[in-house]
Ligand SMILES: Cc1cc2nc3c(=O)[nH]c(=O)nc-3n(C[C@H](O)[C@H](O)[C@H](O)COP(=O)(O)OP(=O)(O)OC[C@H]3O[C@@H](n4cnc5c(N)ncnc54)[C@H](O)[C@@H]3O)c2cc1C
């Protein structure tokens, strides 16, 4: 199995040999990085599992991450209260949330659709009403499926591949939401800046939504997981069955 050469560890990102290169996205944000290790050392106590067992830990981490894409995530919010401790809390939340400030746009901003339809007067358009209804039905049924999955976990059932269902459906909801926002706003949806529709939020939706169907595992990978682990369909053909990843033949001249 190609995953058997992997390790999973924690390390100090400021230690020698670790280089972090931010990746700028098409929406202008750079909220994740390319990380390079050059002779960086990992202390034995920082290994999360035995060398070779990293894939098991990685897939468990990813199942949790994917569940987070189901739209039920609670973002940290600061209070208005006065006092040093609240000021420190506000500063900490602002720093922590900085990379995620475009995430609501990445999810398509379903919450804005009806309000925008009213503001633009297009709420009376029968074709558009069908698109909005389709979006709200998809979004509500996704929310209920996600809630069922959360309840299962609260009853101590382990995080399973259902996270993949939530993630895949959230990509579809976001795409339909971007489509509806485009119908509502027309060509002006491409404008960014303060004098553009909703201060550039609509344009940011259009360039942020594609990220959701890649980050945390692409839509195609979620479909494979659903087919193999939920529906128990035959596994995808694999040519690297008994080699660790580093020995899998690649199309690279070394
Ligand atoms: C906005 C954003 C944020 C991200 N954040 C992080 C992060 O915080 N941390 C992190 O580690 N990574 C992060 N990533 C990276 C992300 O996890 C990967 O880009 C993603 O898993 C896809 O892997 P890849 O880019 O290697 O594509 P590839 O695996 O090369 O896939 C290329 C294409 O081939 C398809 N494909 C590949 N394998 C199969 C298959 N078996 N069956 C069918 N189709 C297949 C894919 O669906 C895709 O369309 C982020 C990416 C984005 C876009």
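Fewest Cβ neighbours within 10 Å first, please rank 95, 185 accordingly.
Fewest-to-most Cβ neighbours within 10 Å comes out as 95, 185.
If I model a spin label as a point 7 Å beyond the Cα along the Cα-Cβ vector, how far apart are those points for residue 89 and residue 221 in nm?
For residue 89 paired with residue 221, the spin-label model returns 3.6 nm.
What 222 nm value per residue comes from the helices of the chain, counting each DSSP H run with n ≥ 4 as -39,500 (n - 2.57) and dividing by all residues, nearest 500 deg cm²/dmol?
-14000 deg cm²/dmol
Just the Kirkwood number for region 136-254, please: inverse of mean 1/r across all distinct Cα pairs, in Å, one decimal.
Its Kirkwood hydrodynamic radius stands at 17.5 Å.
With an 8 Å cut-off on Cα pairs and a minimum separation of 6 or more residues, tell me the relative contact order of the chain in percent.
Once normalised by length, the contact order is 26 percent.
Just subtract the alpha-carbon distance of residue 98 and residue 58 from 0.36 nm times their residue separation and send over the number in nm, one decimal.
Separation in residues times 0.36 nm, less the Cα-Cα distance, equals 11.9 nm.
Averaging the inverse of every distinct alpha carbon separation and then flipping it gives the Kirkwood radius. What is it for the chain, in angstrom units?
21.4 Å is the Kirkwood radius here.
Once the principal axes of the Cα atoms of region 79-185 are found, what is the range along each, listed largest first in whole angstroms?
52, 39, 21
Percent relative contact order of region 131-254, based on C-alpha pairs within less than 8 angstrom and at least six residues apart?
Computed over region 131-254, the figure is 24 percent.
When all alpha-carbon pairs of region 50-128 are counted, what percent fall beyond 20 Å?
62
Sort the following peptides by mean Cβ neighbour count (other Cβ atoms within 10 Å, averaged over residues), highest first: 169-176, 25-32, 190-197, 212-219.
Put in order of decreasing packing, that is 169-176, 212-219, 25-32, 190-197.
Mind pulling the angle between the C-alpha long axis of helix 84-97 and the longest principal axis of the chain? Nearest 10 degrees, somewhere in 0 to 90.
80
How long is region 20-85 along each principal axis, judged by its Cα atoms, biggest number first, in Å?
Reported extents, whole Å, longest axis first: 48, 31, 26.
Between residue 77 and residue 232, what FRET efficiency follows from the Cβ-Cβ distance if R0 is 35 Å, with the result rounded to 0.05?
Using R0 = 35 Å, I get an efficiency of 0.25.
Within 10 Å of each residue's Cβ, count the other Cβ atoms and sort 77, 145 from fewest upward.
Result, fewest neighbours first: 77, 145.
Order of 250, 150 from fewest to most other C-beta atoms within 10 Å?
Ranking 250, 150 by Cβ neighbours within 10 Å, fewest first, gives 250, 150.
Which of rounded, prolate or oblate describes region 176-227 when judged by the alpha-carbon gyration tensor and an a/c cut-off of 1.5?
Because a/c hits 1.5 or more and a/b exceeds b/c, region 176-227 counts as prolate.
Compute the helix-to-body angle for 126-154: its Cα long axis versus the longest principal axis of the chain, expressed 0 to 90° and rounded to tens.
40
For the chain, find the longest principal axis of its Cα atoms and tell me its angle to the long axis of helix 54-67, 0 to 90°, nearest 10.
Tilt relative to the chain: about 10 degrees.
With Kirkwood's inverse mean 1/r over C-alpha pairs for Rh, give me the Rg to Rh ratio of region 1-132, two decimals please.
Checking Rg against Rh, the ratio lands at 1.10.
Rule-based calculations on the coordinates, nothing more; no lab input. Computed from a prediction, not measured in an experiment: that's the story for all the values here. Here the Cβ is made from the backbone with ideal geometry for all residues, glycine too, and neighbour counts use every protein chain on show.
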